[in-house]
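S.K.: Below you will find the structure I want to go over with you.
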Amino acid sequence: KLVYFGFPWETITTPTSRKSVLKNISEWFGFSCAGIDPETPLVPEKPTLSHGYPNPFNSRVTFELIMPNKEPFDIYVYNSQGRIVRQLKHTNAIKSEYYLSWDGRNDLGKTVASGCYFFQVATSKHVLTEKILFLK
């Protein structure tokens with residue numbers, strides 16, 4: 001038996017959907033997931049930030065943020081010189097899963113130049129950074 005995806009695995013947007021697909025594939029191969037409660041959410045001990053998708057991008061890039069604790073976080077976009085070009089959000093986490101996106105604009109609403117940028121999520125204890133490429 002062979003399983004082939006005609007799309008990247010990371011495009012399955014939610015962890016629940018990924019688990020469901022993986023469970024169905026495992027069962028198709030005849031494996032069972034004994035001892036694992038499929039209803040129990042798997043939340044990491046520290047925040048995690050997915051790779052931006054699509055990357056490179058030209059209109060909007062999206063990230064998935066998993067927050068195990070309800071703690072405040074800030075979102076910044078830096079250019080390759082280390083300057084903040086956009087502060088997107090300061091929020092108190094009220095849930096564990098977020099979809100964050102950036103449209104390639106700075107704080108003044110102007111489209112930034114093509115190039116390498118860094119998308120950063122900062123909490124009081126963790127800093128998560130992903131490199132992205134913006135192409136006009």
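S.K.: Kindly indicate whether residue 71 is charged (D, E, K, R) and under 12 Å from the mean Cα position of the chain (by Cα).
M.R.: For residue 71, the condition - charged (D, E, K, R) and under 12 Å from the mean Cα position of the chain (by Cα) - is not met.
S.K.: With the requirement that a residue be more than 17 Å from residue 116 (Cα to Cα), part of a strand (DSSP E or B) and not charged (D, E, K, R), what does the range 76-94 give you?
M.R.: The answer is 88, 90, 91, 92.
S.K.: For the range 95-125, which positions are part of a loop (DSSP other than H, G, I, E, B), among the basic types (Lys, Arg) and either at pLDDT 95 or above or surrounded by 13 or more Cβ atoms within 10 Å (Cβ to Cβ) (or both)?
M.R.: 110
S.K.: Taking the conditions exactly as written (of a type in the set (A, V, I, L, M) and at pLDDT below 90), does residue 133 satisfy them or not?
M.R.: Taking the combined requirement at face value, the residue does not satisfy it.
The values are calculated or read from the model by the stated rules, or taken from the named source; none is laboratory data. Bear in mind the structure is a predicted one, so any value in this text is a computation, not a measurement. No Cβ is skipped: glycine too gets one built from the backbone with ideal geometry, and neighbour counts run over all protein chains shown.
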